[in-house]
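*Asks:* Pasting a structure here, questions to come.
Rule-based calculations on the coordinates, nothing more; no lab input. Remember, predicted model here, so these are calculated numbers, not experimental data.
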Amino acid sequence: MIKAIRHTGLVVADLDRAIRFWCDLCGMTVSRQMEESGPHIDAMLGLTDARLTTVKLAAPDGALLELLHFHSHPDKPCWEGEACSTGFTHIALTVENLEETCARLVAAGCTLNAPPQYSPDGYAKVTYARGPEGILLELVEVLSN
């Protein structure tokens, strides 16, 4: 029986760029950074001679995102990067002001699929943005009703 979701893992090609994005633009903080290697990591990941840096980032609500940067294994893209691609497709983030968030992300080089849209029930404004590594970010501003 699952008790909780611990974190979401994201493999990144440029760790410094990813940390800047998630911390400086999205407001997360680094809670732990580790260099990992050894038989236990190899066994767990099903790899040989794995060497990687992992960085746990905490959102203001305590949710964790884990960045993984492999020093030992080349990038092997398998996700097609579309909202309809099989597998995990996006990270949904609640934001205070969607327009300000979108402006900040676009100024930093991110793209939006569309301007913010109102949900049919009027509960939220929502859009998708493409962040580092091509990851889709669902940005949601909950509206007071």
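*Asks:* Across the range 28-110, how large is the tail of the calculated P(r) beyond 23 Å, expressed as a percent of all Cα pairs?
*Replies:* Of all Cα-Cα pairs in the range 28-110, 44 percent lie more than 23 Å apart.
*Asks:* Going Cα to Cα from K76, which lysines come in below 27 Å? Please leave out same-chain ones fewer than 8 positions away.
*Replies:* By straight Cα distance, K76 reaches K56.
*Asks:* Hey, another quick one. Express the relative contact order of the range 90-142 as a whole percentage, based on alpha carbon pairs under 8 Å and six or more residues apart in sequence.
*Replies:* Worked out over the range 90-142, it gives 45 percent.
*Asks:* If I histogram all Cα-Cα distances within the chain using bins 10 Å wide from 0, what percent of pairs lands in each bin?
*Replies:* 10, 35, 36, 14, 4, 0
*Asks:* Can I ask one more? Output the 0 to 90 degree angle, nearest 10, between the alpha-carbon long axis of helix 98-107 and the longest principal axis computed from the alpha carbons of the chain.
*Replies:* 50
*Asks:* On the principal axes of its Cα set, how long, how wide and how thick is the range 8-70? Give whole Å, largest value first.
*Replies:* 35, 22, 15
*Asks:* Which value in deg cm²/dmol, rounded to the nearest 500, describes the helix-derived mean residue ellipticity at 222 nm for the chain, given -39,500 (n - 2.57) per DSSP H run of n ≥ 4 and division by the residue count?
*Replies:* For the chain, the value works out to -4000 deg cm²/dmol.
*Asks:* Would you please state the base-10 log of I(q)/I(0) at q = 0.24, 0.30 1/Å for the range 90-142, with intensities from the Debye formula using one equal scatterer on every alpha carbon?
*Replies:* Values, matching the q order: -0.87, -1.28.
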